[in-house]
Amino acid sequence: MTGADPLRLAILISGRGSNMTAIARACAEARINARVSLVISERPGAAGLDSARALKIETRTIAWPGAADRLQFERGLDEALAAARPDLIVLAGFMRILSQQFVERRAGSILNIHPSLLPSYRGLHTHRRVLEAGDAVHGASVHFVTAELDGGPVILQSRVAVRPRDTEDSLSARVQATEHIIYPRVIGWLADGRLMWREGRPWLDGKALTAPVVEEFDGSREI
Ligand code: GRF
C-alpha cells in the first residue's frame, strides 16, 4: 500500500449491493487504498442502502424519474457527486443507463462490472443466455464505462467453468463470488497508480492494455 491519500469512491447501486459491500470491506480492511465516500441508489428501497448504513457509509437516494427525465436525474447525481468529490464512480448493479454527456465528461473515472465475458452477452439475463447457448465457460468483466453500453475497455475478467447441472441461480452465485474478488482488485490497481486512463484508453503497469487480464477461478480453488 502506498502512502498516497485513499481513492475516494462513489458507488451507484440499484439492488442488493453485494459488490458495494465487498468493495467497502476491502477498503475498511485496508486491502485497497480507497474509501467509500457515498453510496447512491436510484431505488428508495434497495437492500444495499441498509448494508451501506450498517457499514457507516453515507447514503443518498435519487429516485429514477423515468428515461424521459434522465437529465433531471443526472442533475441530482451531479449535485450529490460534487459534494462527495469522488475520484472514481463505481457502478455496482446500477440498472440505469447514463447519458453520453454524463459518461464522456468523466471518461476514465467510471467503472462497471458486468456478469459475462464481454464482449459476449451484453445486456440482461446473461446467466440464462449462457446456459441456453450451452457455453462451457462464463464469467464477469470489470470495464471502464464509455457511452457504448457494456462496451468500454475491459480491464479484468474472471472465468468460471459452467457445470453440467448448473441452473441460473447456481451459475450466477459462482460468478458473483468472483465479482467480489475482481472488482476490489481493479479499484486497488487504480488506487496504487498501476492502472490509469490515458490517451482515451487503459494502461496497466506502464503498458497500454490491449486485452483484459484474465483470472481463472476453477481448478485452483473452489467457489
Ligand atoms: C452483479 O451481478 C453485477 O455483475 C451486475 O449486477 C449484479 C449486482 O449485484 N451488474 P449486487 O447488487 O452487487 O449484489
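Tabulated values for the structure
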{"quantity": "Residue count for region 10-38, restricted to those that are under 12 Å from L91 (Cβ atoms) and among the β-branched types (V, I, T)", "calculated": "3"}
{"quantity": "Options A68, A52, A140, A80: the member that is assigned to a helix (DSSP H, G or I) and either at pLDDT below 95 or outside the structural domain of G17 (by TED's automatic domain parsing) (or both)", "calculated": "A68"}
{"quantity": "Output for region 110-125, where each listed residue is touching a strand residue (DSSP E or B) at 6+ places or on another chain (Cβ under 6 Å) and in a loop (DSSP other than H, G, I, E, B)", "calculated": "P115, L117, L118"}
{"quantity": "Within region 11-44, tally of residues that are part of a loop (DSSP other than H, G, I, E, B) and either modelled with pLDDT under 95 or away from the ligand (no atom under 14 Å from the Cβ) (or both)", "calculated": "6"}
{"quantity": "Unique residue being assigned by TED's automatic domain parsing to the domain that holds G123 and away from the ligand (no atom under 16 Å from the Cβ) when the list is D192, D166", "calculated": "D192"}
{"quantity": "Candidates R35, R85 - the one that is within 19 Å of S109 (Cα to Cα), in the same structural domain as Q101 (by TED's automatic domain parsing), exposed (fewer than 13 other Cβ atoms within 10 Å of the Cβ) and touching a residue at least 12 places away in the same chain (Cβ under 8 Å)", "calculated": "R85"}
{"quantity": "Test: residue in region 157-177 that is assigned to a helix (DSSP H, G or I), in contact with a helix residue (DSSP H, G or I) (Cβ under 6 Å, 6 or more places away or on another chain) and under 30 Å from R198 (Cβ atoms)", "calculated": "no"}
{"quantity": "Those residues of region 112-141 which are within 14 Å of the chain's Cα centre (by Cα), near the ligand (Cβ under 10 Å from one of its atoms) and not β-branched (V, I, T), in sequence order", "calculated": "N112, H114, P115, S116, A140, S141"}
{"quantity": "Single residue of D205, D150 found to be at positive phi and either surrounded by 16 or more Cβ atoms within 10 Å (Cβ to Cβ) or touching a Gly at 6+ places or on another chain (Cβ under 6 Å) (or both)", "calculated": "D150"}
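The values are calculated or read from the model by the stated rules, or taken from the named source; none is laboratory data. Bear in mind that the values here come from a model prediction, so they are computed numbers and not experimental data. Virtual Cβ from ideal backbone geometry, glycine too; neighbours counted across all protein chains shown.
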